[in-house]
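Heads up: the structure comes next, in structure tokens.
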């Protein structure tokens, strides 16, 4: 495919280049309007208002529109320059005698800069044969000050990214290292320049064909050698040292100056104007290889090649420069190459046509593709390249246009982005630029490519963290957090400072990620900077975004219940402070398992203790351990006791409607033990733990409680329980009755005295008592009174003589020795025998009245009275 | 370093080189380069004198930079050893890319074309201008 050139150059913006260390001018000519006056209205108004006006007169060339010289043969250039001079002289001759002053005459563009009065202006208006139009010579701000903000450079600087710590390699005509715009920036230098007989002469300062070290990359001595200094200024110039208000794109970056041009002395080589500077491809490759060889010494982001030739309508990957560009790219160094200034709409110059190079086309500050710029579907990027004001040799500044000027905008951009994303590959940065830059369509070809926007690319390469939820955690805790922000890339990692381990990072979206922060138990309290690091090394940090709170001191003050029986499963509540979610509980020694730990609050948790049947008896230490490892122990806080047993309930019966205090004996009783009686109608109250073997309680027997035996159950607070089957009997509330019969003096079973249970040689009055009471009774006390008078009882502590009791005439006395007490059941209708010593010999005489009172275990009593027959 | 160029053919070489340079620079016109082992314009140039060329070499790929540099050096040495010394001179040797910059005449070009075991291609060393 043949290359195509874009529309006539004269339709586009015209740039005039000056290289003056002082005042520089920038001229923009609006499109001519053939239907209107040569002199634009604003020129006329200003002349009338101010008397004089600075103007630019565009000359009408006999051949028609002006054609950029780069598109002309040497002969055609000569013809065009001759026409420019001739027309200019013709116009100036018409101004003789008119009020005017010539400011500039140009040899390569059809313009004349004038300071004119009204009469001269009238003459110009009358010279439409020679003058196309007359416009105001307007002053414009330096355009690095425009182009850098246009590509978001100032925003990048405000974020702290200006290329500091990065080196950009300018492979060009050398760099004036002493220029105030570049002072202190040139840190590496080299020169590769060739002697080829009849063609080129080396321009290396030492006269050799290669040189390295200080001074070797100095600007070459030809007039075009301002080029490298201009390019370097765009990429990395810093206005602070030069006293100007603008800077290059990577104003903090350092520079490697590589001079690769040779002095060509042949008119044919130079297109008719020797000497000129051209660069052999072999020297360019050598320069790039020098960059590659220093990659371990310098932190190169990019190499700039504002160089080119030829036209290629497809990638030119057989170009000899591709291997070294590939080498550089493989180690993360981009090679930005000018697309070329031929005005092609479907072709690029070499080596910009190499697919692994970053080819750069030029746009205006209005985001229009520059008329001179090559573009093609395989172009990488656009950047500003029209009328860029930058450093030039001699210490001054000047304007220049070209893809040469666009390219260092990209080179500097790479420096800024590599500072921000140090490990980003060339592809990652190129993708960021291509996906974020505004799309520019070449109206002549329809080719649409992005124009660089550093700030937007930063948004992709460098994440920003705006919040962390929750924003704090306690030492020893593991905290699931959500980070909000922007630019989170797949594969991003998170760091949160000393003492915090980050895991489970998951990028939910470009604006949200989740992670787990595990805070070491010993982590020092205080704020931590939280950073998100994208795969390219772009790092976004929220300063002090997360705070480590001091771990609350853990203390265990009590456990309830504080003991449990072997084999029991005991739900416990542990009280203390500083309990954290995830806390665990353990008990010293073997045989106690802990489950169902639940932290209800910082001061209370619950758990279940499973005590093995064979667990050793005795005290155990109770330890609560927070997830961070902090722990506290309650020494001897829990005791393993023997299993609970119940042996007796005394009394073991009670009448309907009675309230019966009982004593329960057994083992393994613990604080908080409860007592229950089976069936309905018997309530238990006043349960009191006397010891591990005795409990007292009061049984309230309802009047309607069913008669009969009940099971008595003791349940420890720890859950262990035991039941004494039929341990208590509910008896009838109806009154028991006694009947008594005097049998005579039949046996000698008791003596004279209140505890005399032995024979005393005298027969005792013997009586038979019969109980009439449904359900029977347990007799707990007896007393016999005689009208003689005389009293006998079963209370050894009383003053009355002993009353012996037996179940039959010759049965064993039921009285307890010493206390004389009785406690024996008597069935309904059953009888028992009483023995009373006749200590006066008159107690049982006929006609005496005998009264017997029996006290029952249910608190009731019965009395019977007989007369001795 | 550039070697001596035969004076009698210098003028012709210059004329052809100028044509090539202008073809890719000032004139700017051109077609995509063919992937020929030897650029056709080199043959035209060496018919009347010497040409400045870039010789790409066949070197086995390796991930070890030191091994690769050794291999490149050996390949360069192999080519130079097999070139007739009076017909070629070394312009530049490269350490990281398998390439040599040479000035050659027709005899050297023919020798290069026989080195199919080590020479991958012969490209014209073109001159380009600032953009």
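Every number here is computed from the coordinates shown, using simple stated rules; none is lab data. Predicted model, so just to flag it, every value in this text is computed and none were measured. With ideal geometry, Cβ positions are generated from the backbone for all residues, glycine too; neighbour counts draw on all protein chains shown.
Observations on the model:
- Across every direction, the projection of the convex hull enclosing the Cα atoms of segment A:734-849 has a mean area of 6.7 nm².
- Whole-Å semi-axes of the ellipsoid equivalent to segment A:463-542 (Cα gyration tensor, √5λ, descending): 21, 11, 11
- Annotation: for a label point projected 7 angstrom from Cα along Cα→Cβ of residue A:245, residues of segment A:359-390 with backbone N closer than 19 Å are A:388-390.
- Residue-span extension gain [residue A:115 to residue A:808] - 0.36 nm each, minus C-alpha spacing: 233.8 nm
- Volume per residue of the convex hull around the Cα atoms, evaluated for segment B:68-131, comes out as 99 Å³.
- Rg followed by Dmax, in Å, when segment A:555-641 is reduced to its Cα trace: 11.8, 34
- Remark: A:418, A:449 ranked as A:449, A:418, counting other beta-carbon atoms within 10 Å and listing the fewest first.
- Each label point was placed 7 Å from the Cα along the Cα-to-Cβ direction; for residue A:550 and residue A:845 their separation is 9.8 nm.
- Spin-label zone in segment A:440-482 - amide nitrogen under 12 Å from a point set 7 Å from the Cα of residue A:367 along the C-beta vector: A:440-441, A:449-453
- Rg then Dmax, both in Å and based on the Cα atoms of segment A:355-423: 13.2, 39.
- Paramagnetic label zone (point 7 Å from Cα along Cα-to-C-beta, residue A:770; backbone N under 15 Å) in segment A:729-755: A:737-743
- Part-to-part distance (alpha-carbon centres) for segment A:60-130 and segment A:814-869, which is given in Å: 157
- Percent of beta bridges antiparallel (DSSP, segment A:144-458, rounded to nearest 5): 45
- Förster-model FRET efficiency, 41 Å R0, residue A:297 and residue A:154, C-beta, rounded to 0.05: 0.85
- Label-to-label distance for residue B:62 and residue A:752 is 13.5 nm, based on points extended 7 Å past Cα in the beta-carbon direction.
- Among A:812, A:677, sorting on how many other beta-carbon atoms sit within 10 Å of each Cβ, with the fewest leading, yields A:812, A:677.
- Averaging Cα coordinates gives a centre for segment B:30-107 and one for segment A:707-761; these two points are 127 Å apart.
- Extension gain (nm, one decimal) between residue A:631 and residue A:431, 0.36 nm per residue minus Cα-Cα: 66.7 nm
- Note on segment A:645-731: percent of Cα-Cα distances in each 10 Å bin, starting at 0 and stopping at the bin with the largest distance, equals 21, 57, 21, 2.
- Cα-Cα separations in segment A:429-582 greater than 20 Å, expressed as whole percent: 61
- DSSP assigns beta bridges within chain A; of those with both partners inside it, close to 80 percent run antiparallel.
- Structure-based [θ]222 nm, the protein assembly as shown - -39500 (n - 2.57) summed over DSSP H runs of at least 4, per residue, nearest 500: -5500 deg cm²/dmol
- Taking 7 Å steps out from each Cα toward its Cβ at residue A:596 and residue A:650 produces label points 3.8 nm apart.
- Expected-Rg normalisation [2.2 N^0.38 Å, Cα atoms] applied to segment A:259-392: 1.08
- Among A:255, B:72, sorting on how many other beta-carbon atoms sit within 10 Å of each Cβ, with the fewest leading, yields B:72, A:255.
- Full extension of the segment from residue A:482 to residue A:126, taken as 0.36 nm per residue of separation minus the current Cα-Cα distance, would add 120.7 nm.
- Sites residue A:577 and residue A:694, calculated FRET efficiency, Cβ-Cβ separation with R0 30 Å, nearest 0.05: 0.25
- Calculated over segment A:787-869, the projected area of the Cα convex hull averaged across directions stands at 6.1 nm².
- In this entry, the protein assembly as shown is assigned a mean projected area of 68.8 nm², taken as a quarter of its C-alpha convex hull surface.
- Distribution of pairwise C-alpha distances over segment A:743-800, 5 Å bins, in %: 4, 15, 21, 27, 18, 10, 5, 1
- For segment A:144-458, the convex hull drawn through the C-alpha positions has a volume of 108 cubic angstrom per residue.
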